[in-house]
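Notes for the one structure printed next.
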Amino acid sequence: GLHQVEEIDFFLNSQKISLTPESFIHVPTLKVLLLGRALNGTLNLEPSPFRPLVNLTWLDLSNNNIANINEGLLEGLSHLKVLTLQHNNLARLWKDANPGGPVLFLKGLHSLTNLQMDSNGLDELPRDAFQGLTNLSQLSLSGNLLDKLHESVFDDLKSLRVLQMEKNLVTSVPK
């Protein structure tokens with residue numbers, strides 16, 4: 001009965017939600033999905049629970065202690081503009097030493113304009129982490145453990161206007 005709903009806000013839900021691949025199949029018109037501090041379990045699901053949400057423009061997955069996701073989690077979200085992932089545990093996913101290499105879960109998000117990845121324990125950024133995000137205008141990586149940056153990591157960010165990196169360990173930046 002929610003075929004016309006455009007926004008669902010479960011932020012700070014007192015009862016945790018476990019997602020399945022079928023969680024959002026009955027809300028195809030959804031544009032805003034706020035799941036901050038609301039999730040229980042894993043997001044390493046195939047197919048992704050977000051796959052039916054082709055109209056989604058804002059997704060909040062903050063404060064959920066997410067540590068394991070797959071490369072296809074956000075696949076097909078071609079209209080997504082805002083993605084908030086702060087206060088999770090994503091560090092292992094972007095490590096070169098991760099089995100299979102870094103998990104590049106942002107690929108294909110060409111409409112993304114705002115990405116919040118504060119306080120995730122990130123100590124490295126893969127060279128291709130932001131590849132194809134040409135519309136990204138705001139990127140926040142504050143409160144991580146970043147100490148050095150690959151020379152080409154920000155090359156595709158042609159629209160970037162705000163880069164927040166306070167509270168990291170960066171001491172020098174390559175040209």
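Quick notes on this structure:
- HN-Hα J in Hz across segment 78-91 - Karplus 6.51, -1.76, 1.60, θ = phi - 60°, x for Gly and Pro: 5, 9, 5, 10, 10, 10, 10, 10, 5, 6, 10, 9, 8, 3
- The packing ranking of peptides 25-38, 103-116, highest mean first, is 103-116, 25-38, where packing means the average number of other beta carbon atoms within 10 angstrom of each residue.
- Here the dipole of segment 30-118 is about 120 debye; that uses its Cα centre as origin and unit charges on the Cβ of Lys and Arg (positive) and Asp and Glu (negative).
- Full-stretch length increase - Asn89, Ser142 - with 0.36 nm per residue and alpha-carbon distance subtracted: 17.7 nm
- Relative contact order (%) - criterion: Cα under 8 Å, at least six apart; region: the chain: 14
- In order through segment 110-119: 3J(HN,Hα) via Karplus (6.51 cos²θ - 1.76 cosθ + 1.60), integer Hz, x for Gly, Pro: 5, 8, 4, 10, 9, 10, 10, 10, 5, 6
- FRET E, pair Val162, Asn68, Förster distance 30 Å, beta-carbon r, rounded to 0.05: 0.55
- Pairs of Lys residues in the chain are counted when their Cα atoms are under 16 angstrom apart and they lie 8 or more places apart or on different chains; the count is 7.
- Residues in segment 62-70 carry Karplus couplings, in order, of 6, 6, 10, 6, 5, 10, 9, 9, 10 Hz; the curve used is 6.51 cos²θ - 1.76 cosθ + 1.60 with θ = phi - 60°, and Gly or Pro positions show x.
- DSSP bridge orientation in the chain - percent antiparallel, rounded to nearest 5: 0
- The stretch between Phe11 and Thr29, if pulled fully straight at 0.36 nm per residue, gains 4.5 nm over its current Cα-Cα span.
- Shown here for segment 118-174: GluC sites (Glu not before Pro) in loop regions (DSSP other than H, G, I, E, B) with at most 14 other Cβ atoms within 10 Å, namely Glu151, Glu166.
Readers should treat all values here as calculations from the given coordinates under stated rules, not as data from a laboratory. Note that the coordinates shown come from a computational prediction; the quantities given were computed from them, not determined experimentally. As a convention, Cβ positions derive from the backbone with ideal geometry for all residues, glycine included, and neighbour counts pool all protein chains shown.
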